[in-house]
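The values are calculated or read from the model by the stated rules, or taken from the named source; none is laboratory data. Please read these numbers as outputs of a predicted model, since none were measured by experiment. Every residue, glycine among them, receives a Cβ derived from its backbone with ideal geometry; neighbour counts consider all protein chains shown. Keep in mind that these areas ignore ligands, DNA and RNA; they rest on the heavy atoms of the full protein, side chains included. Shrake-Rupley method; radii C 1.70, N 1.55, O 1.52, S 1.80 Å.
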Amino acid sequence: MDEKTARLAEMLCESNNIVFFGGAGVSTASNIPDFRSSGGIFSRKLNAKLTPEQLVSHSFYMRYPEEFYSFYREHLLYPEAMPNDCHIALAKLEQMGKLKAVVTQNIDGLHQAAGSLVVYELHGSVLRNYCTECGQFYPMKYVHDADGVPLCKSCGGRIKPDVVLYEEGLEQEVIKGAVRAIESADMLIIGGTSLVVYPAAGLIDYFSGKHLVLINKSVTPADGKAELVINDDIAKVMKESVDALKD
């Protein structure tokens with residue numbers, strides 16, 4: 001274990017109200033890539049140069065539902081993905097009574113799959129889908145296996161993923177829960193996020209506890225505020241630091 005990871009383990013040991021705030025980098029070890037690398041897929045068909053953000057926007061979903069779902073299935077649904085060492089380490093921290101909440105920008109549900117119980121999903125989850133007409137819910141498999149636009153078996157209405165698309169607002173109750181958790185934390189670990197997507201990235205401003213840690217492969221706008229910055233693989237770092245607590 002290197003010096004910085006050992007220091008992280010010390011912070012974990014002395015902290016008892018830890019919150020983890022994570023982004024796409026948390027799930028890359030589960031073979032879920034950042035969708036931003038998938039731009040331009042429908043540019044020729046629609047005769048327009050579209051960014052990945054536009055392809056998962058509310059207006060694109062409404063105007064081109066078939067193209068939306070084609071992109072969505074190919075780049076945002078990973079039914080075979082499994083929790084990695086970071087997800088598992090965080091679940092262990094919660095079981096120890098140290099981690100009080102996970103705040104995530106991810107929509108893959110892997111924190112819950114690893115065993116985490118208190119998870120604030122800022123951008124929703126691909127595991128939940130609902131009919132926009134009657135409200136009936138459907139699992140990811142139904143959307144994944146559907147041909148074209150998934151339709152409700154009860155009323156024929158269009159099914160929408162319970163995810164926050166671009167141009168849509170975040171769920172206020174989720175935001176309130178995340179803010180409360182961060183405000184009361186004595187340690188905040190920020191991992192696998194470049195902290196450029198707002199309003200989610202602004203949540204870290206509510207932290208006033210003792211230890212602020214940043215774990216990301218590249219620099220972030222908040223590096224200067226952190227007590228400890230680790231530019232390394234987050235799955236490896238979290239596993240080593242949490243395993244050290246049991247030694």
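A few comments on the model shown:
- Being in contact with a Gly (Cβ under 8 Å, 6 or more places away or on another chain), within 30 Å of residue 62 (Cα to Cα) and modelled with pLDDT of 95 or more is a condition met by at least one residue of segment 145-159.
- Failed criterion for residue 82 (all others in (1) under 17 Å from the mean Cα position of the chain (by Cα); (2) open to solvent by 10 Å² or more (accessible area, probe 1.4 Å); (3) within 18 Å of residue 33 (Cα to Cα); (4) free of Cβ contacts under 8 Å to residues at least 40 places away in the same chain hold): (4)
- Among the residues of segment 196-206, those that are under 15 Å from residue 19 (Cβ atoms) and touching a residue at least 60 places away in the same chain (Cβ under 8 Å) comprise 200, 203, 204.
- Close pairs (6 angstrom Cβ cut-off, 6 or more residues apart or separate chains): at negative phi and among the hydroxyl-bearing types (Ser, Thr, Tyr) in segment 19-35, assigned to a loop (DSSP other than H, G, I, E, B) and surrounded by 20 or more Cβ atoms within 10 Å (Cβ to Cβ) anywhere: 27/106; 27/108; 30/84
- Evaluation of residue 130 against the conditions (1) farther than 18 Å from residue 161 by Cβ; (2) open to solvent by 30 Å² or more (accessible area, probe 1.4 Å); (3) of a type outside the set (Val, Ile, Thr); (4) assigned to a strand (DSSP E or B) shows that the sole unmet condition is (1).
- Counting only helices (runs of 4 or more DSSP H) that sit wholly inside segment 15-120, those with at least 2 residues that are at pLDDT below 95 are 43-46, 52-55, 65-76.
- Residues of segment 87-125 that turn out to be in contact (Cβ under 8 Å) with a residue 60 or more places away in the chain, buried (at least 23 other Cβ atoms within 10 Å of the Cβ) and of a type in the set (D, E, K, R), as a count: 1
- Residue 135 fulfils the conditions (1) surrounded by 13 or more Cβ atoms within 10 Å (Cβ to Cβ); (2) under 19 Å from residue 62 (Cβ atoms); (3) without any contact (Cβ under 8 Å) to a residue 60 or more places away in the chain except for a single criterion, (1).
- The listed residue being touching a Ser or Thr at 6+ places or on another chain (Cβ under 9 Å), hydroxyl-bearing (Ser, Thr, Tyr) and modelled with pLDDT of 95 or more, out of 241, 218: 241
- Selection of strands (runs of 3 or more DSSP E) fully inside segment 150-247 by the criterion of at least 1 residues being open to solvent by less than 10 Å² (accessible area, probe 1.4 Å) and of a type outside the set (Val, Ile, Thr) returns 159-163, 187-191, 211-215.
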